[in-house]
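Everything below concerns the one structure shown next.
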Amino acid sequence: MRTCALFSFALTILMAAGCARPARLVPGPEATHIGRDRRLAVEEIEGVRMVARGDAWRGDSRIEEHVTPLRLRIENDSGQPLRIRYDAFALISDTGERYTALPPILVEEVAEELEERDHRDPRYRHARAPFRTRIRTPAFYHRHFYIAPYYRRYYPDMRVVQRRFMYDPVYYRHYYGYWVDTPLPTEEMLENAIPEGILDHGGSLDGFLYFEPVDRGAESVTFRADIVFADDGRIPGAISIPFDVE
């Protein structure tokens, strides 16, 4: 009887874990909305406007078991070019936990490092797969946007930044490693991802960022985006949009 009871208890736990839903973000009560659509939250600083939605992912639902996707629209009417980098975006929980925006595309320098590790850890062969991807038909919307030079091979039909724009090797080495133990990123994720680059005045971007998975134990998170102007590196402030975790 005791064995059966233990087995029943273990089975209940396993079933509960298998049915666990990923955390989803809905705008908090303090968020500013667009019209009557309560799913969209917006904030603006010095002509840079961001509209965020936490329940917009309509692709493979298994992706949400590994990351927290956030759809983001960026509109730049600041009069200056805006720098877009993953390290400027984060989700910060009510307990102070920081969930970082993950780089879904592998830059060449990091790919070469992973290739050297292949013989020691076969998981890195999976992580290098997106390095061979060419995204000829991006699913994200872009206007007056230029991709970072190190993404040239992935987006052969898009315009490239014609100024110095270096990638952060420490950031990429650390956070790209997240994908090693997952079946991600998928081609669908890559097509919808907002890449790094520069958004000119009058331009806009609309696509997805993928964050480290938000703990369902968190009650709320704040989407934070540092505004960085490309010409002088000035940071006039940060966009902050509150979300409840469901």
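The values are calculated or read from the model by the stated rules, or taken from the named source; none is laboratory data. What you are looking at is a predicted structure, and each value in this text was computed from that prediction instead of being measured. Virtual Cβ from ideal backbone geometry, glycine too; neighbours counted across all protein chains shown.
Points to keep in mind about this one:
- In region 60-74, the residues that are touching a residue at least 60 places away in the same chain (Cβ under 8 Å) and under 7 Å from ASP206 (Cα atoms) reach residues that are basic (Lys, Arg) and in a strand (DSSP E or B) with C-beta atoms within less than 9 angstrom, at least six apart or across chains, in these pairs: LEU72/ARG53; ARG73/ARG49; ARG73/ARG53; ILE74/ARG49.
- Answer from VAL51, VAL42 - the residue that is at pLDDT 95 or above, of a type in the set (A, V, I, L, M, F, W, C), surrounded by 15 or more Cβ atoms within 10 Å (Cβ to Cβ) and touching a Leu at 6+ places or on another chain (Cβ under 6 Å): VAL51
- Some residue of region 190-206 being at pLDDT below 95 and under 25 Å from GLY54 (Cβ atoms): yes
- One residue alone among TYR150, TYR154, TYR99 is out of contact with any strand residue (DSSP E or B) (no Cβ under 9 Å at 6 or more places or on another chain), at pLDDT 80 or above and crowded, with 16+ Cβ neighbours inside 10 Å, and that residue is TYR150.
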